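Asks: Here it is, the structure in full.
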Amino acid sequence: MLYHSTHQPDRKVDLKEAILRSLPPDNGLYMPDHLPQLSPDFWQRWRDLSFQEIGLEVASAFFAEDVPAEALQEIVDGTLAFDAPLVTLAPGDHVLELFHGPTLAFKDFGARFMARLMAWLTRDDPRTLTVLVATSGDTGGAVASAYHQVPGTRVVILYPKGKVSGLQEKQLTALGGNITALEIDGSFDDCQHLVKAAFLDRDLAENLNLTSANSINLARLVPQSFYYIHSARQLPEGIRPIFVVPSGNFGNLTAGLLAHRLGLPCDGFIAATNLNDVVPAYLKSGDYLARPSVQTISNAMDVGAPSNFVRMQALFGGSWDAMRRLIHGASFDDDATRAAIRSVKAMHDYVIDPHGAVGWLAAKQWRSQSPTSATITLETAHPAKFLDVMEQELGKSCLEIPERLAKLADLPKVATPMNADPELFKTWLRQEMA
Ligand SMILES: *Cc1c(COP(=O)(O)O)cnc(C)c1O
């Protein structure tokens, strides 16, 4: 399979280039040259398959031309070492728990798959691969965990100072070894900008063998489409869900669109955001106006210029109308989110995190207009990652902290502070990573 840039459909690259270089030189994003569909035979069998079997079929649809079946099987099985249970809160009100991985957020799926695919793609290359990742919270932790102690790789994480939760920060800064954390005096968008600047410097990118682990990397999107299929098949036959996706950079929602193209029967998607509502605003008005992000309690969605928006547009041939037929927008502020956390607990005795709560509100709004709909809200992180907010709304000891998170609390934070200056960052890379 070949891949092309959203900016220049005629410029084709192979899988290795699309995954390892991750960003085309024209500043677009890579897309598969053709979007695969799963066979009618698959859609006869899909309800009886395991999560791993679904993963392998989806991964094969994208990568079988380039990666041998045995290697793909290993990559998929290594990725899906934990489940994604579908929990029913009330009839039609389903929550898909995506937080059972090592860092307790859905990003483990993409990061684990990407680390394994990259390792396979570079199996014969003696150079060290330097992975750059900007994070608004959960990406960095997932990437750090996925690459920690992987020979031949090192990871540089850029995160916005004071804008990630305490335990999130520990996930970025406490591992050590081949993981280095930079605490950037700026916003997530600044961090993303620094990463982009490093890649656009061709010499630097080449010399340091740079690669990116942000949701701009296609290798993260494909595995995220597995669980859309895995969850939909758990509903009674004939029920087509609406997926509610708490969104920031819109990688997760884009993965849902890929699943839809693969043939997944569903009635659409809801792009649920906090006050950083550029995409819901676009769906309403047709005008796309990126702007600086504002800080909220659902901090992993504090994105003012969502990086996957160009992919979403490409998937709809640039048509606003076509996008609006499949995706609906909804956004909620922190007060509504806090109230939702309390409601979900009171009504369903379920503890939902601030990101999932934004989704749950959008799902509730949707079902109030369309009472026969079944919504699947993606619960993107474990509530224990946002302990401050959870305790403010539900009281002390409202939830148990999973062991793998609790362990981190005692480890020291190790991070290098830096101003949000691309030249400074590039100089640091040249000196420290040479
Ligand atoms: C990253 C993240 C999101 C946003 O996902 P995108 O793919 O960037 O839209 C939502 N919730 C949580 C908990 C996250 O970590």
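Residues are listed down the side, and each one gets a yes or a no for (1) within 16 Å of the ligand (Cβ to nearest atom); (2) charged (D, E, K, R); (3) at pLDDT below 95; (4) not assigned by TED's automatic domain parsing to the domain that holds Leu253:
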site	(1), (2), (3), (4)
Met323	yes, no, no, no
Asp333	no, yes, no, no
Lys364	no, yes, no, no
Ser368	no, no, no, no
Ala415	no, no, no, yes
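Asks: Consider only pairs whose beta carbons are under 8 Å apart and that are at least six residues apart or on different chains; among these, list those whose first residue lies in the stretch 373-388 and is more than 22 Å from Gln234 (Cβ to Cβ) and within 9 Å of the ligand (Cβ to nearest atom) and whose second residue is in a helix (DSSP H, G or I) and of a type in the set (A, V, I, L, M).
Replies: Qualifying pairs under 8 Å: Lys385/Leu167; Lys385/Leu405.
Asks: Could you tell me how many of the residues in the stretch 341-361 are closer than 20 Å to Ala105 by Cα and of a type in the set (Gly, Ala, Ser)?
Replies: Residues meeting the conditions: 3.
Asks: So, one more: Would you be able to tell me the number of residues in the stretch 177-218 that are hydroxyl-bearing (Ser, Thr, Tyr), closer than 17 Å to Gln431 by Cα and surrounded by 23 or more Cβ atoms within 10 Å (Cβ to Cβ)?
Replies: Number of matching residues: 0.
Asks: Is it the case that the stretch 95-114 has a residue that's touching a Pro at 6+ places or on another chain (Cβ under 6 Å) and β-branched (Val, Ile, Thr)?
Replies: Scanning the stretch 95-114, I find no residue that is touching a Pro at 6+ places or on another chain (Cβ under 6 Å) and β-branched (Val, Ile, Thr), so the answer is no.
Asks: Across the stretch 81-112, which residue is nearest to the ligand (Cβ to nearest atom) among those that are surrounded by 24 or more Cβ atoms within 10 Å (Cβ to Cβ) and among the aliphatic types (A, V, I, L, M)?
Replies: Ala105
Asks: Right, something else. Tell me, yes or no, whether the stretch 290-311 has at least one residue that is away from the ligand (no atom under 16 Å from the Cβ), within 20 Å of Phe188 (Cα to Cα) and surrounded by fewer than 19 Cβ atoms within 10 Å (Cβ to Cβ).
Replies: Yes, the stretch 290-311 has at least one match.
Asks: For the stretch 328-354, name all the residues that are touching a Pro at 6+ places or on another chain (Cβ under 8 Å) and closer than 16 Å to Phe269 by Cβ.
Replies: The answer is Gly329, Ala330, Ser331.
Asks: What are the pairs with Cβ atoms under 7 angstrom where one residue, in the stretch 115-141, is under 23 Å from Leu80 (Cα atoms) and within 16 Å of the ligand (Cβ to nearest atom) and the other, located anywhere, is basic (Lys, Arg) and not in a loop (DSSP other than H, G, I, E, B)? Sequence gap at least six, or different chains.
Replies: Asp138/Lys107; Thr139/Lys107
The values are calculated or read from the model by the stated rules, or taken from the named source; none is laboratory data. These figures come from a predicted structure and were not determined experimentally. Backbone-built Cβ (ideal geometry, glycine too); neighbour counts: all protein chains shown.
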